[in-house]
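Okay, so here's the structure we're looking at.
The values are calculated or read from the model by the stated rules, or taken from the named source; none is laboratory data. Being a predicted model, the structure only gives us computed values, none of them experimental. As a convention, Cβ positions derive from the backbone with ideal geometry for all residues, glycine included, and neighbour counts pool all protein chains shown.
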Amino acid sequence: MSEKEGSGSFKKSKHEFKQSQRKDGKGNAIDSSSPVILAFKSFQHELDTRHDKYERLVKCSRDITTESKRTIFLLHRVIRQNTLSLQITHVDYLLGVADLTGELMRLCIGSVGNGDIDTPFELTQFLREIFDGFAYIGNTGPYEISRKLYALKQSLGKVENACYMLKVRGSEIPKHMLADLFVSKSELIEHDDGMS
């Protein structure tokens, strides 16, 4: 291998010939100022520029792919570590179910205000089942559960009162006024509970 081939500079070894070395097929020297030679030099420069630009784009693309893979692997590693550390305890699960009952009570009162009379009766049955489950645990669990049991009992009472009002007085009161009646009744119940 010659010195020019081993240096890795393709352009220099191919295009930098001395004037005395350039000869046509008959052994005559080629005029470097010829319009044809100048046009080919221009084409050569344009092709070399495009090739260099293409090589830079390919290198940049490879670098982006490499960094993307590293980021993805790092993300997988972080997710795997977090899933091991974010395990839910039984107490957390029960507290979440107890919080759900408060949201169901709000759904019940809101559905009455929207004129939906069937939802409160369905939710009452479901809330009773949840309350029975919590009552089975009783005061044997942590303090937070006994506090949630009290809140659950209040939510169940509000929903049961709403169902009672719907059954007894539902036909007497227009549907658009039922929500106002439940809000005022709930405020009275909360006031009475706060005094006792």
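Quick notes on this structure:
- Verdict on Glu46 being more than 30 Å from Thr119 (Cα to Cα), exposed (fewer than 11 other Cβ atoms within 10 Å of the Cβ), modelled with pLDDT of 85 or more and among the charged types (D, E, K, R): yes
Yes/no matrix, rows are residues, columns are (1) in the same structural domain as Gln154 (by TED's automatic domain parsing); (2) free of Cβ contacts under 8 Å to residues at least 60 places away in the same chain; (3) among the hydrophobic types (A, V, I, L, M, F, W, C):
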| site | (1), (2), (3) |
| --- | --- |
| Leu94 | yes, yes, yes |
| Met105 | yes, yes, yes |
| Ile109 | yes, no, yes |
| Gly113 | yes, no, no |
| Thr124 | yes, yes, no |
| Leu127 | yes, yes, yes |
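- Residue that is assigned to a helix (DSSP H, G or I), modelled with pLDDT under 90, assigned by TED's automatic domain parsing to the domain that holds Lys158 and out of contact with any Pro (no Cβ under 6 Å at 6 or more places or on another chain), where the choices are Thr101, Thr83: Thr101
- As for segment 125-140, it holds at least one residue that is assigned to a helix (DSSP H, G or I), surrounded by 11 or more Cβ atoms within 10 Å (Cβ to Cβ), at pLDDT below 85 and within 34 Å of the chain's Cα centre (by Cα).
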